[in-house]
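Readers should treat all values here as calculations from the given coordinates under stated rules, not as data from a laboratory. Owing to the predicted nature of the structure, the values given are computational and were not obtained by experimental measurement. Every residue, glycine among them, receives a Cβ derived from its backbone with ideal geometry; neighbour counts consider all protein chains shown.
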């Protein structure tokens, strides 16, 4: 049985290309499972998984929960916004309380960068990072790459532009790591105020002209503007942002080639992308959602294989 080279999924930067291949191969199998009439496999009947979401999340949380139930795991959901964390309980206390219930795997989203790494050093369970601050979101990057592979046959050699709020996005950083590891070329495009200074040190080119970026790429991964992470104004107005960086059908039709449109969701329709683009045949946004369940099943399954009984 092939094994991951890591004991936790804390970030793409800890993975190698064999890990990604193994996750994709396993996801292929589970994708076939979730399209059967009976969508469950008994693989993880003896495994207990706790979903710890210290930040609000609907889609990622639902996707993980569905993946866990498809694998027949026992699932505990913990939403920190309604919990003792509000009363001042620390991360370690919360987790130790949950682990005393004999939990094998913890899926965690947390507002602090490195929360998953911190946790992995202090608790005896497998940790899956479902997003830490503006740092990494590894399962999103894996499902994005997997969706590109499914649509275009491979990721290697493809040109991917990530458009939008790069500064506040954990999706962007994980995607850059994952795409480069698989041999893709990556550019970022957005207002200069929303592009972090360090980005070029990752071997990523910056393009501030949306039309040029789209003419260059095979795939555009469009990110939303994360107003909830902004404490100052990074651009004059939403309307101006949309005029300069919003993707609409007219822009796509004038490219002279078909590019693939992706979005990690939730979509701000009419801001970074119009409905006729999001719902067009160039968009693989709904495929991303379906692939998210298969990828998360694969990651959970592969980590569970390492648990010593």
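Give me the angle, in degrees from 0 to 90, between the Cα long axis of helix 138-152 and the longest principal axis of the Cα atoms of the chain, rounded to the nearest 10. With rounding to tens, the tilt is 60 degrees. Using C-alpha pairs below 8 Å separated by at least 6 residues, the relative contact order for the chain is 20 percent.
Taking all pairs of distinct Cα atoms, average 1/r, flip it, and tell me the Kirkwood hydrodynamic radius of the stretch 157-309 in Å to one decimal place.
That comes to 16.4 Å for the stretch 157-309.
For the chain, modelled as a GNM whose springs connect Cα atoms under 10 angstrom apart, the maximal fluctuation among 219, 289, 95 occurs at 95.
Length gained on full extension, residue 151 to residue 102, computed as 0.36 nm times the residue gap minus the Cα-Cα distance: 13.6 nm.
Applying 0.36 nm per residue to the separation of residue 269 and residue 90 and subtracting their alpha-carbon distance, the gain on full extension is 60.7 nm. From least to most packed, judged by other beta carbons within 10 angstrom and beginning with the fewest, 169, 283 follow the order 283, 169. The relative contact order of the stretch 193-309 comes to 26 percent, based on Cα pairs under 8 Å that sit 6 or more residues apart. At an R0 of 25 angstrom, the distance between the Cβ atoms of residue 32 and residue 5 translates into a FRET efficiency of 0.50. In the stretch 207-227, which residues have a backbone nitrogen under 19 Å from the label point lying 7 Å from residue 257's Cα in the Cα-to-Cβ direction? Correct set: 207-222.
Which residue fluctuates most in the GNM of the chain (Cα springs below 10 Å): 222, 271, 123? Between 222, 271, 123, it is 123 that shows the largest mean-square fluctuation. Under a Gaussian network description of the chain, with springs only between Cα atoms under 10 Å, the residue in 120, 57, 100 that fluctuates furthest is 100. From its DSSP helices (H runs of at least four residues, each -39,500 (n - 2.57)), the chain gives a residue-normalised ellipticity at 222 nm of -11500 deg cm²/dmol. Normalised by the number of residues in the stretch 118-264, the average gap of Cα pairs under 8 Å and 6 or more apart makes the relative contact order 23 percent. Separation of the stretch 239-309 and the stretch 55-70, taken as the distance between their Cα centroids, equals 17 angstrom.
The angle between the Cα long axis of helix 170-181 and the longest principal axis of the Cα atoms of the chain comes to about 90 degrees, rounded to the nearest 10. Between helix 285-304 and the chain there is an angle of about 30 degrees, using the helix long axis and the longest principal axis of the Cα atoms.
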